[in-house]
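Encoded as structure tokens, the structure appears first; notes follow it.
What follows is calculated from the coordinates using simple rules that are stated; it is not laboratory data. Predicted model only: the values in this text are computed from it and were never measured. Positions of Cβ are backbone-derived with ideal geometry, glycine not excepted, and every protein chain shown enters the neighbour counts.
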Amino acid sequence: MTHENTLIRQLVHTTTNWRNLALILVGSAIIAIAAQVSVPMFPVPMTLQTLAISVIGLTYGARLAGLTLLAYLAEGALGLPVFANGGAGLLKLMGPTSGFLWGFVGMAFLTGWMSENGFSRSVVRLSIAALVPAALLYIPGVLGLWALTPLELPSAVNAGAVPFLVGDIVKSALAALVVGGGLAAVNSRKHS
């Protein structure tokens, strides 16, 4: 596979540490806002975080997306109310939903890696690049629920995965449409 330019590399041609820091801060803020758009469910709330993470991964690429999610976790650990429903603190990173929170880093990195390596050529491929990492997020998420709650594994799957399957398919398609539209706009501007 070839290493392809992500949307952010096509929009901003110069790479500096300041630019990357600004992108990381903007990306972590977008994720924090998306975390507040929540349908209260127990033990795992349904939020727009995975949509935001998919868009950031598809837009930023692997390294910058992974760093953005690490910054997001650090902000929450330091007490900023960036997690779902205004949650914050180190305990969130060790609690029942910690598998999802830590898994967000891998999700962002893998989404970005797929985008950089051949999955940004069409909306269908972008959808796959968003959906596969979102589906893999269930592994650490459900295992965290199973390990840190009294739930048996089938109950952890029913609580931490099943209610989110359709939503993740829709969010992956939306992320692909947004980023695909951005890529199409940049490409049409280059050719006009």
Net length gained if the chain between Ile139 and Ala74 were fully extended (0.36 nm per residue, minus Cα distance): 21.2 nm
Can you give the calculated 222 nm mean residue ellipticity of the chain, where each DSSP H run of n ≥ 4 adds -39,500 (n - 2.57) and the sum is split over every residue, rounded to the nearest 500 deg cm²/dmol? -22000 deg cm²/dmol
Could you give the angle, 0 to 90 degrees to the nearest 10, between helix 49-60's Cα long axis and the longest principal axis of the Cα atoms of the chain? 30 degrees
Quick one: order Leu101, Leu21 by neighbouring beta-carbon count within 10 Å, fewest to most. Leu21, Leu101
Size of electric dipole in the chain: Cβ of Lys, Arg +1 and of Asp, Glu -1, about Cα centre, debye, nearest 20: 540 debye
Order by neighbour count: Glu152, Glu116, fewest other Cβ atoms within 10 Å first, most last. Glu152, Glu116
Expressed in nm to one decimal, what extension gain is obtained for the pair Thr16 and Ala147 from 0.36 nm per residue of sequence separation less their Cα-Cα distance? 43.0 nm
With Cα coordinates, the longest principal axis of the chain makes an angle with the long axis of helix 17-36, in degrees rounded to 10, of 40 degrees
Segment 116-192-segment 45-101 distance, computed between alpha-carbon centres (Å): 15 Å
Asn117-Val166 FRET efficiency (beta carbon distance; Förster radius 35 Å; 0.05 resolution): 0.80
Would you be so kind as to identify which of Leu73, Gly86, Ile53 lies farthest towards the positive end of the dipole of the chain, taking Lys and Arg as +1 and Asp and Glu as -1 on Cβ and the Cα centre as origin? Ile53
How far is helix 165-190 tilted, in degrees, relative to the longest principal axis of the Cα atoms in the chain, given as a value from 0 to 90 rounded to the nearest 10? 20 degrees
